[in-house]
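The values are calculated or read from the model by the stated rules, or taken from the named source; none is laboratory data. This is a predicted model, so every value here is computed, not measured. Ideal geometry is used to build each Cβ from the backbone, glycine not excepted, and the neighbour counts take in all protein chains shown. For accessibility, only protein heavy atoms count, side chains too; no ligands or nucleic acids. Shrake-Rupley method; radii C 1.70, N 1.55, O 1.52, S 1.80 Å.
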Amino acid sequence: MAVQSGTYRGVSAEDRAAERRERLLAATLAVWGAPGGRVTMTRVCAEAGLSERYFYESFRNLDEALLAVLDAIASEIESVGLAAAEAAGDEPEARARASIAAFVALVADDPRKGRVAIIESAGIATLRPRRTALLRHFAHRLTEEIEDRHGPEVWGGASGEVAGLLFIGGTAELVTAWLDGALVVTPEQIVETATAMMLGALR
């Protein structure tokens, strides 16, 4: 994945390589997130308008590109959820609703991200362990938040990890059904139901 040195029209080789990588990531999301489509390196390169030579400049193989997209979406989900919760203040119900609403809004605004992170990544054997690890990471972060604000007697220890994973996994299945059209609900209904379930589990 060597990058040629030199400046072209005032843009360094490193910046040009970074721009091509971003185009390839956007193309990977577009191809991978399209319903019913099969993601291949050839299709990604065609979507990006770049040759395979530039693909290998950024990624060793297709799996590496897919993993980069999956991790980027997970990072975005985490950052928007945390920012929304912090903006909502200290009241538990407001924090829970804001964080859930931020996640649902992200998926509603760009369903490809939800499809890739939750649905499509489960169908690729090489990515399945990373998807599982991310779900457990979100579950752990949720239990940390609850233990920090409500004390260890609420969702502490192993039972807290179980409760967190049940909530995160259940929410993922809910969003899957919504994106697939198997469940006809509004984003607002998802937010209200998920928030009610969260608060109910805390009581």
* To do: Go through segment 126-156 and give me each residue that's at pLDDT 95 or above and of a type in the set (Gly, Ala, Ser).
  => Ala133
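Please verify whether segment 138-145 includes one or more residues that are charged (D, E, K, R) and within 12 Å of the chain's Cα centre (by Cα).
no
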* Unique residue being under 27 Å from Arg130 (Cβ atoms), modelled with pLDDT of 90 or more and either open to solvent by 30 Å² or more (accessible area, probe 1.4 Å) or touching a strand residue (DSSP E or B) at 6+ places or on another chain (Cβ under 8 Å) (or both) when the list is Val80, Val69, Val3, Val44 -> Val80
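Can you name every residue in segment 135-173 that is open to solvent by less than 20 Å² (accessible area, probe 1.4 Å) and in contact with a helix residue (DSSP H, G or I) (Cβ under 9 Å, 6 or more places away or on another chain)? Walk me through it before giving the result.
In the first step, residues of segment 135-173 are kept if they are open to solvent by less than 20 Å² (accessible area, probe 1.4 Å); the result is 139, 143, 146, 151, 155-156, 160, 164, 172.
Residues satisfying the conditions are Ala139, Thr143, Ile146, Trp155, Gly156, Gly160, Gly164, Ala172.
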* Looking for whichever is without any contact (Cβ under 8 Å) to a residue 12 or more places away in the chain and closer than 22 Å to Met198 by Cβ here; the options are Ala117, Ala96, Ala88, Ala84. Which one fits? => Ala88
* Asked: Within segment 96-112, is even one residue of a type in the set (D, E, K, R), buried (at least 21 other Cβ atoms within 10 Å of the Cβ) and more than 16 Å from Glu173 (Cα to Cα)?
  -> yes
* Structure fact -> Of the residues in segment 29-58, those that are touching a helix residue (DSSP H, G or I) at 6+ places or on another chain (Cβ under 8 Å) and not in a helix (DSSP H, G or I) number 9
* Taking the condition surrounded by 19 or more Cβ atoms within 10 Å (Cβ to Cβ) and farther than 29 Å from Gln189 by Cα, does Thr28 pass? -> yes
* Structure fact -> When (1) more than 18 Å from Ala85 (Cα to Cα); (2) in contact (Cβ under 8 Å) with a residue 24 or more places away in the chain are applied to Leu202, the one that fails is (1)
* Structure fact -> Those residues of segment 47-66 that are among the polar types (S, T, N, Q), within 15 Å of Arg20 (Cα to Cα) and open to solvent by 40 Å² or more (accessible area, probe 1.4 Å) come to a total of 1
* Asked: On the given criteria, is Gly123 over 19 Å from Leu82 (Cα atoms) and either open to solvent by 60 Å² or more (accessible area, probe 1.4 Å) or at pLDDT 95 or above (or both)?
  -> yes
